[in-house]
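The values are calculated or read from the model by the stated rules, or taken from the named source; none is laboratory data. Small disclaimer: the values here were computed from a predicted structure and weren't measured. Neighbour counts are summed over all protein chains in view; Cβ atoms, including those assigned to glycine, are modelled from backbone coordinates with ideal geometry. Remember, those area values only see protein heavy atoms, side chains included, never the ligands or the DNA or RNA. Shrake-Rupley method; radii C 1.70, N 1.55, O 1.52, S 1.80 Å.
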Amino acid sequence: MGLFGKSKKEREKEYMSKINVADCLTQNFELTIDEVYTIMGVGTVVTGTVSAGMCRVGEMAKVNASGSILETTITAVDAHTKERKSNDCAYRTEHVGLGLRGISKEQLKKGDTVTVQNANKYGM
């Protein structure tokens, strides 16, 4: 136990058990975009809360942008939590920022969705 309650390892283990990673692996990833930024050195970054599944850096994703489907690669994942170590993954219920390759800020808007096909990908 840490000086002020649970240790970091205990808090991280508790947090990850609430996420249910095994369940996230069997669901397709979906994130609804809240905001879109351009960050020098990173490119186009979208933020939002993950509503289902999980994604990893390097995975191919599709963005449903106002009826058209844009294909991209996830180049960065920034989970806005101190409850776990960064592992370049985003899980259901987390508020995250995703770096997207090959898409400009002007092509995206609030309400568009980012999806990744996870079902059957991990053999579960």
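Would you confirm whether any residue within the range 26-42 is β-branched (Val, Ile, Thr) and modelled with pLDDT under 80? Within the range 26-42, none of the residues are β-branched (Val, Ile, Thr) and modelled with pLDDT under 80. Restricting attention to the range 31-39, does a residue exist that is under 21 Å from LYS82 (Cβ atoms), of a type in the set (Val, Ile, Thr) and in contact with a Leu (Cβ under 8 Å, 6 or more places away or on another chain)? Checked against the condition, which is being under 21 Å from LYS82 (Cβ atoms), of a type in the set (Val, Ile, Thr) and in contact with a Leu (Cβ under 8 Å, 6 or more places away or on another chain), the range 31-39 yields no hits at all. Residue count for the range 47-73 satisfying the condition of being in contact with a Cys (Cβ under 6 Å, 6 or more places away or on another chain), open to solvent by less than 20 Å² (accessible area, probe 1.4 Å) and not in a loop (DSSP other than H, G, I, E, B): 1. Here THR93 meets the list (1) surrounded by 19 or more Cβ atoms within 10 Å (Cβ to Cβ); (2) hydroxyl-bearing (Ser, Thr, Tyr); (3) assigned to a loop (DSSP other than H, G, I, E, B) almost entirely, failing just condition (1).
For the range 54-104, the set of residues classified as over 13 Å from the mean Cα position of the chain (by Cα) and under 20 Å from SER17 (Cβ atoms) consists of LYS82, GLU83, ARG84, LYS85, listed by residue number.
Identify, from the list LYS85, LYS109, the residue that is surrounded by fewer than 17 Cβ atoms within 10 Å (Cβ to Cβ) and farther than 30 Å from ARG11 by Cα. Going through LYS85, LYS109 in turn, just one is surrounded by fewer than 17 Cβ atoms within 10 Å (Cβ to Cβ) and farther than 30 Å from ARG11 by Cα: LYS109.
Give the range 1-46 a look and list any residue that's assigned to a helix (DSSP H, G or I), open to solvent by less than 80 Å² (accessible area, probe 1.4 Å) and closer than 16 Å to ARG92 by Cβ, or say none. The answer is TYR15, MET16, ILE19, VAL21, ALA22, ASP23, CYS24, LEU25, THR26.
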